[in-house]
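We did not get these values from a lab; they are worked out from the coordinates using the rules stated. Bear in mind the structure is a predicted one, so any value in this text is a computation, not a measurement. As a convention, Cβ positions derive from the backbone with ideal geometry for all residues, glycine included, and neighbour counts pool all protein chains shown.
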């Protein structure tokens with residue numbers, strides 16, 4: 001079989017650290033691929049006014065698979081201040097490159113597994129009458145990835161035609177005396193097709209991997225139209241999967257319940273913003289962002305990334321101390337996606353062995369505050385974590 005070509009996008013900060021370690025692990029597990037590095041992130045915003053250059057889009061269009069590290073995103077005013085002086089005041093506007101990738105390639109499913117590893121001292125522990133209990137968490141969030149509040153349809157000082165259209169809604173009456181320059185508007189756009197697609201994908205996943213329930217996590221009692229559409233499509237799809245229960249939760253209540261009975265949940269469906277929130281909540285129960293992996297999947301292109309940020313303060317530490325496991329698990333999701341299940345299982349089993357043994361632990365697993373002194377306190381370097389996983393393949 002010809003080698004696959006993977007578009008490698010380290011991005012910013014610790015993305016430049018953890019992605020090469022993931023490639024080293026993939027090589028050791030016997031995954032044969034060629035990696036072409038692509039430009040993405042803050043430095044390209046500063047130099048070119050575009051954090052997602054067309055040449056990177058072209059590479060993903062050609063090769064279909066991407067491994068992504070992390071990006072730095074900053075508010076509008078900071079982005080404008082940091083762009084190259086030669087590009088200032090020329091109409092350049094910063095957009096998140098990962099959001100840009102999701103929308104350009106219609107990577108409509110963001111899949112975020114949150115599974116606890118036995119022996120991880122960061123796992124959630126619940127106190128009960130009989131003592132302390134550590135529930136086994138195995139939740140997979142299906143987050144709609146291209147619509148909702150992240151679709152980017154928003155204005156500060158909305159144009160007159162936009163304002164006029166908005167004021168056809170009776171609820172806009174309370175803002176009639178607010179000057180447009182003092183008004184900021186973000187839209188939450190759902191389409192029935194996207195709602196149907198993600199609900200179907202979630203139920204199919206639950207059926208394939210034996211989950212007993214699918215929960216639609218929205219807020220239809222208040223956000224009646226958009227959340228209501230997602231709820232309606234979930235109910236329609238559920239009729240074709242009689243062996244899987246459909247549950248409904250509101251996002252605010254779900255954030256309370258996830259620390260009450262997280263082991264009861266299986267697959268969860270949510271729109272873009274609520275999916276972002278609930279996936280980070282469940283990630284906190286299984287070790288935090290050092291263990292949080294994700295897949296952005298479309299019909300043709302898929303990009304796999306840890307959900308942590310770029311953490312630039314750690315980028316230049318020598319040796320690096322960051323935990324690469326989230327990146328490793330994201331690489332496993334890529335292997336699953338292309339049918340290399342056996343290699344993905346070997347890596348996950350090796351990670352589980354390292355965590356259970358507890359001899360090699362990154363600083364976050366040791367509950368230490370990050371800094372160069374953690375190594376003297378027994379924390380493993382990033383490379384040592386990789387070596388330990390490789391040693392357990």
Semi-axes of the equivalent ellipsoid for region 1-114, Cα gyration tensor, largest first, Å: 28, 15, 14
Burial ordering of 308, 169, 104, fewest other beta-carbon atoms within 10 Å first: 169, 104, 308
Label point distance in nm, residue 118-residue 178, each placed 7 Å from Cα along Cα→Cβ: 5.4
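If neighbour count is taken as other Cβ atoms inside 10 Å, put 245, 364 in order from fewest to most.
Details: 245 14, 364 21.
Ascending number of Cβ neighbours within 10 Å: 245, 364.
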Gaussian network model of the chain, Cα within-10 Å springs - most flexible of 65, 246, 317: 317
Euclidean distance of C-alpha centroids, region 343-393 and region 187-265, integer Å: 35
Candidates 37, 233, 154, ranked by Gaussian network fluctuation over the chain, Cα under 10 Å, top entry: 154
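Calculate the translational D of the chain in whole µm² s⁻¹ from Stokes-Einstein, where the hydrodynamic radius comes from the Kirkwood formula applied to all Cα pairs, the temperature is 10 °C and the viscosity 1.306 mPa s. Don't jump to the answer; show the numbers that get you there.
Values: Rh = 22.4 Å.
For the chosen part, D equals 71 µm²/s.
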Gaussian network model of the chain, Cα within-10 Å springs - most flexible of 213, 294, 116: 213
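Stokes-Einstein at 20 °C, 1.002 mPa s, Kirkwood radius from Cα pairs: D for region 252-393 in µm² s⁻¹? Spell out each step's value before the answer.
Numbers: Rh = 16.5 Å.
Answer from the Stokes-Einstein relation: 130 µm²/s.
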36, 374, 354, 389 arranged by Cβ crowding within 10 Å, fewest neighbours leading: 36, 374, 354, 389
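Could you tell me what a quarter of the Cα convex hull surface of region 288-352 works out to, in nm² with one decimal place? Don't skip to the end; give the middle numbers.
Details: hull surface 20.9 nm².
In nm², the orientation-averaged hull projection of region 288-352 is 5.2.
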Reciprocal of mean inverse Cα separation for region 102-197 (Kirkwood radius, Å): 17.8
